[in-house]
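Visitor: This structure is in structure tokens; I'll ask about it shortly.
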């Protein structure tokens, strides 16, 4: 009887689907967001149909999922810091795994203040955030320029067609999409498998998203960044999640992980920009006005919502 029960349990374990790593699952929304930013930076846009496609790229992301994905991306980036990972592991050796997990569960500042090496991880987080925001700013400048070049295009149709388009845009954010399986291994790194400190094209590096899409772009310079006044809270979330990831506790500490990934402030900011994007395009009269809406509320606004790094 015991053998039969053991055999049944083994069969069920084999048949059960593998549980997704919580940070890998969460980061996918940010990956999809950055992939669309890459397309907005590169796409040829010479007519209204192409501008409508660009509008879809700018409007189709769920704000709360992007906010959570940005937190997960920062956490996974921090887990590529040798100094931070070694610092967390040294705490485990000295204090024990359970006490370290308990501290990460209770104290949002523990990962910043207690393990040695957090400064290196913070700089990785801020550097990647600054690079990501530079891409949003570049895309915003591009669409401002496109607006002027498209001024001669035929104006949009009547308000009924604009209302229909606005309804279609509103429905896009609720559609769940998956990351391409071909790039999944590159955006789901385990600790210390990427080298963003020395390779700007590695996960968390200053050119990662462009390299992921094989897009040529200059490498941003290396700076020592400062946290924005509101950024420290998000960085603490990222460091705590990175600590849990390094000690292999993100699945067992699911309640803590969900709490840390829930970035309401950033999600609400992104939701406001998304709403304003739809409102802007609902009254736009032509493709060039759509371009200005995308530049302001689809790119520049989200850049301000997501910013963590202040100039050195």
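The values are calculated or read from the model by the stated rules, or taken from the named source; none is laboratory data. None of these values were measured; they are calculated from a predicted model. Cβ atoms come from the backbone with ideal geometry, glycine included; neighbour counts cover every protein chain shown.
Visitor: For residue 217, which of the numbered conditions (1) touching a strand residue (DSSP E or B) at 6+ places or on another chain (Cβ under 8 Å); (2) not in a helix (DSSP H, G or I) fails to hold?
Guide: Only one criterion is unmet by residue 217, namely (1).
Visitor: Got at least one residue in segment 125-145 being farther than 30 Å from residue 49 by Cβ, free of Cβ contacts under 8 Å to residues at least 24 places away in the same chain and surrounded by fewer than 20 Cβ atoms within 10 Å (Cβ to Cβ)?
Guide: First pass over segment 125-145, keeping only residues farther than 30 Å from residue 49 by Cβ: 125-131.
The next check asks that each one be free of Cβ contacts under 8 Å to residues at least 24 places away in the same chain; those that pass are none.
No - not one qualifying residue is present in segment 125-145.
Visitor: A further question on this structure: Counting only residues that are touching a strand residue (DSSP E or B) at 6+ places or on another chain (Cβ under 6 Å) and closer than 30 Å to residue 144 by Cα, give me the helices (runs of 4 or more DSSP H) lying completely in segment 48-119 with at least 1 of them.
Guide: Working: elements: 48-59, 63-78, 82-95, 97-106, 110-113.
It comes to none.
Visitor: Next question, about the same structure. Exactly one of (1) exposed (fewer than 15 other Cβ atoms within 10 Å of the Cβ); (2) within 30 Å of residue 289 (Cβ to Cβ); (3) modelled with pLDDT under 95 is unmet by residue 156. Its number?
Guide: Failing condition for residue 156: (1).
Visitor: So, one more: May I ask you to say which residue of 69, 96, 119 is modelled with pLDDT of 95 or more and out of contact with any helix residue (DSSP H, G or I) (no Cβ under 9 Å at 6 or more places or on another chain)?
Guide: One residue alone meets the criteria, 96.
Visitor: How many residues does segment 59-95 hold that are over 20 Å from residue 208 (Cα atoms) and buried (at least 20 other Cβ atoms within 10 Å of the Cβ)?
Guide: 10
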